[in-house]
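Read-outs: derived from the displayed coordinates by stated rules, not from any lab. What you see is a predicted model; the values in this text were computed from it and never measured. Here the Cβ positions follow ideal geometry from the backbone for every residue, glycine too, while neighbour counts run over all protein chains shown.
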Amino acid sequence: MLKKEKSEMLSKEFNKYYPGGHSNLRIPMDVTEHRLFIAKSQGTHLTDVDGNEYIEYNGSMGPNILGHAHPEFVERIVEYMRNNGTAIGSNLLFSSMDVEFAKRLSELVPCIEEIKCTITGSEAVQAAFRIMRAYTGKNVIVRFQGSYAGWCDNVLGGRINTDKNAEVPYTDFTTHGGPESDPYYTEGRSPLAYRETIMLPWNDFEALEECFDKYHDIIAGIHLEGIVWNHEGLYPKPGFLEKIRELCDKYNIVMSMDEVITGFRVSIGGAQKVLGITPDICTMGKALSNGIPMSCVGGKKHIMDCIRGNKVLVPGTYPGYGLGMAAALATMDILTRDDCAAYQKVYAVQEKIMDGLVDISKKYDIPLTITEANGVFSTIFGVPGGRRKLYTNEDLDGFDTNIVNNFQRYMQENGVFLMFGGRWYVNISHTMEDAEKTIAAADKSMKALKENNYKYVAS
């Protein structure tokens, strides 16, 4: 039984001053009635204020690629801060780190020739939208249902417009069945936001071609996750990204890949390197700087050059700030060392965990599919099949988020902290010992799931 007195007390105080969690969605993020307050984090281990210890796979929802308080990373950051202010430039002063960062990133990521620094993934996406509109002189961005591109009005949630009489099938931001039916529904959204995007089904060749053929005169760009980790890790069908590339070239439409999750995580070159398709521009964040806020838009010179001469403005106080640059360069150094050996280490640990989970699910006759890429995987309970690629919503038939939530709660009681929704992030500090303890916890958790008819029952 986990101790919880101090976290419960702090939760009451927290709720007095904060109207919600720091990142709030309608998706349940906590599996307990109280919030979990952390006293210490080291490597892959967390200790909460009540003294409970956990192996964690939340990864701060993606940024934590090196592990907590990674010694070399901390040393580099402390060394920088001993001799510099956290932000000394804001476009008034510059550092040699600015040049080194851009040069190295352009060598690592296929599409990048020039970059514009931002701070968050949401900000990078909005900068990318502005660049695409400016470059093409057109206004609409195509997106795919199920993807996540930040919290701004024009990208948070939405669904495919099914109105056959619509002159242009702009994204539908209304709620069918009430707000609780849409985890991304929000009050206060601009009533004009829907006119900025068109939403399509992922991996639907016919819908893609029909949309581009009909509306290419107004489409500035298409923004997509190469592997849709915000929708259970759906992969592109063979030829789908190539078809997008072909249509973008045909109609002067910018292809933008969202690498906020996949950049520096699935490979040092991102999903575009893994999938073998080069977009025109991409957005990066999260693992780019191991948790120090830092993001960017990068892409082909002829597109990014629309910023030159201040034709396109992407201003701000913190873009390119020194602490972010130092963090990004330290992260690059660690991940690229010994021909990127860190990625092999991560995947070896990850593979042991995934195989262990599949074996345990078979042992207790619990349907489970695992979708995966280096450094990230999803446990899709309710869908049998083990480790494999999925492509469409139909492939997710049977996915039971209640089982996911209850498994997460059992795992937390057994000393393993998971991210909501079934997504696991593995970083370079995870060890084989962590994997073995995680598998043991999973055995206890799945046993409890099966014995209690997939419900959570407190021990």
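Here are a few things to note about the model shown:
- For segment 343-459, the percent of C-alpha pairs falling in each 5 Å distance bin, counted from 0 to the bin holding the largest distance, reads 2, 12, 23, 27, 20, 11, 4, 1.
- Nearest-0.05 FRET efficiency for Thr86 and Asp163, computed from C-beta distance (R0 51 Å): 0.55
- Stretchable slack from Leu192 to Arg387, in nm (0.36 nm times residue separation minus alpha-carbon distance): 66.0 nm
- Space enclosed by the convex hull of the alpha-carbon atoms of the chain, per residue, Å³: 154
- 33 Å tail of the calculated P(r), segment 71-333, as % of Cα pairs: 21
- Isotropically averaged projected area of segment 412-459, using the convex hull of Cα atoms (one quarter of hull area), nm²: 3.7
- The trypsin sites (Lys or Arg not before Pro) found in segment 74-169 that occupy coil by DSSP, while having at most 10 further C-beta atoms within 10 Å, are Lys164.
- Along the axis of the charge dipole computed for segment 137-210 (Cβ charges of +1 for Lys and Arg, -1 for Asp and Glu, origin at the Cα centre), the listed residues Thr174, Tyr194, Phe144 are led at the positive end by Tyr194.
- Rel. contact order, % - alpha carbon contacts under 8 angstrom, at least six apart, the chain: 21
- Magnitude of the charge dipole for segment 71-333, about its Cα centre and with charges confined to Cβ atoms of Lys, Arg (+1) and Asp, Glu (-1), is about 560 debye.
- Plainly put, segment 357-405 has a radius of gyration that is 0.94 times its Kirkwood radius, both from alpha-carbon atoms, as the Rg/Rh ratio.
- Charge-dipole axis of the chain as Lys and Arg at +1 and Asp and Glu at -1 on Cβ define it, positive-most pick from Thr278, Pro238, Val109: Val109
- Glu436-Glu53 pseudo-label distance in nm [points 7 Å out on the Cα-to-Cβ vector]: 1.5
- With at most 14 neighbouring Cβ atoms within 10 Å, loop GluC sites (Glu not before Pro) (DSSP) excluded, longest segment of the chain: 188-459
- Overall dimensions of segment 172-306 by Cα: Rg and Dmax, Å: 16.1, 46
- Length released on extending from Lys363 to Asn402, taking residue separation times 0.36 nm less the Cα-Cα span: 12.0 nm
- Only Lys, Arg, Asp and Glu carry charge here, each on its Cβ (+1 for the first two, -1 for the last two); on that basis the chain has a dipole of about 500 debye about its Cα centre.
- Span from the segment 247-272 Cα centroid across to the segment 399-441 one, whole angstrom: 29
- With both residues required to sit in the chain, DSSP beta bridges show an antiparallel share near 60%.
- Options Pro28, Ser95, Ser459, ranked by Cα towards positive dipole end of the chain, top entry (Cβ charges): Ser95
- Placing +1 on the Cβ of every Lys and Arg and -1 on the Cβ of every Asp and Glu, with nothing else charged, gives segment 1-51 a dipole about its Cα centre of roughly 80 debye.
- Theoretical ellipticity at 222 nm over the chain - DSSP helices of four or more residues, -39500 (n - 2.57) apiece, nearest 500: -11500 deg cm²/dmol
- Between the C-alpha center of segment 30-74 and that of segment 376-395 there is a gap of 27 Å.
- Note on Cys340 and Tyr251: the extension gain reaches 28.3 nm, defined as 0.36 nm multiplied by sequence separation minus the Cα-Cα distance.
- With a Förster radius of 25 Å applied to the C-beta separation of Asp305 and Glu242, the computed FRET efficiency comes to 0.45.
- Taking every alpha-carbon pair under 8 Å whose residues sit at least 6 apart, segment 1-130 reaches a relative contact order of 15 percent.
- Between segment 282-329 and segment 115-153, the Cα center-to-center distance that results, in Å: 13
- Among beta bridges from DSSP that stay inside segment 71-333, the antiparallel ones total about 45%.
- Rounded FRET efficiency, nearest 0.05, which uses the C-beta distance separating Phe14 from Ser41 and R0 of 22 Å: 0.75
- Descending semi-axes in Å of segment 1-51, equivalent ellipsoid built from Cα gyration tensor: 19, 14, 11
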